[in-house]
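Here is the structure we will look at, set down as structure tokens.
Rule-based calculations on the coordinates, nothing more; no lab input. This structure is a prediction, so every number in the text was calculated from the model and none was measured. Cβ placement follows ideal geometry from the backbone for every residue including glycine, while neighbour counts extend to all protein chains displayed.
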Amino acid sequence: MNICIFGSASNRIDPSYITAVESIGEKLAKDGHSLIYGAGSGGLMGASARGFYRGKGKITGIVPEFFKEVKVDGELFDDCTTMIFTDTMRIRKQKMEEACDVFVVVPGGLGTFDEVFEILTLRQLNQLKKEILFYNINGYYDKLFEFLESSKEKGFIAQHFDDLFKVYTEEAPLLEYISELNIKD
């Protein structure tokens, strides 16, 4: 399967996040999966790519052309199997959505929030059928889930909202779930 990983490009994060994402990337690659991601070499984007590279998996980086000139928290990952350049960030997200079979959301910042809220909205509107899995390393997304629950309780978010995604705090159950998805294909 093609796994799209959304995550931070920042190199200013605790190394435990990097270790966890490198590990899951390597194991997904060894299980025969491919990576679709934003092409960066920094932060958790780079960690996912390095993990897939170590696991000898196929890596597809999708990035807007302007990243060739503007350096945002690192360079592009040099060892992508395929590098796709787009005109805009919007087209980048669309191409990642089209190319993948499942989304894995690891800790990230504004870019990750933008990506994940778009796919959650598309899924809520029945325009996206793909699985969305949060890998909630070190409880990173706990406050976000609390906020979303509060918004749901106040009527701002549909009551079935939490059915749109699954949350994993440990690597093994996440990998097992993805493996079961692969069997169903």
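Quick notes on this structure:
- Proximity of backbone amide H atoms, modeled 1.01 Å from N, is registered between L35 and I3, K58, I59, T60 at under 5 Å, excluding neighbours fewer than 5 places apart on the same chain.
- Fewest-first ordering of M1, M45, M96 by other beta carbons within 10 Å of each residue's beta carbon gives M1, M96, M45.
- Taken about its Cα centre, region 2-184 carries a charge dipole of roughly 320 debye when the Cβ of each Lys and Arg holds +1 and the Cβ of each Asp and Glu holds -1.
- With neighbours defined as other Cβ atoms within 10 Å of a residue's Cβ, the residues I91, I36, I18 order from fewest to most as I91, I18, I36.
- Note: relative contact order over region 57-157, using C-alpha pairs below 8 Å and six or more positions apart, is 23 percent.
- Applying a 4.7 Å Cβ-Cβ cutoff to the chain, the cysteines left without a disulfide-compatible partner are C80.
- C-alpha long axis of helix 171-184 to longest principal axis of the chain, angle in °: 90 degrees
- Between the C-alpha center of region 85-123 and that of region 3-52 there is a gap of 15 Å.
- For E131, distant residues with modelled amide H under 5 Å away: F103
- Summary of packing: across the peptides 106-116, 122-132, the per-residue average of other C-beta atoms within 10 Å ranks them, highest first, as 106-116, 122-132.
- Cα gyration tensor shape for the chain, rounded if a/c is under 1.5, else prolate or oblate: rounded
- Nearest 10 degrees, 0 to 90: helix 43-54 Cα axis against the chain principal axis: 60 degrees
- Dipole-positive endmost among F117, I3, L144 within the chain (Cβ charges, Cα centre): I3
- For the pair D79 and F156, the difference between a 0.36 nm per residue extended length and the Cα-Cα distance amounts to 23.4 nm.
- Paramagnetic reach from D14 in region 135-149 [backbone N under 16 Å; point 7 Å along Cα→Cβ]: 135-144
- Degrees between helix 142-153 axis and first principal axis of the chain (Cα, 0 to 90, nearest 10): 40 degrees
- Exposure proxy order (Cβ contacts within 10 Å, fewest to most) of R12, R92: R12, R92
- Cβ-based net charge around V102, under 9 Å, with every Lys or Arg adding one and every Asp or Glu removing one: -1
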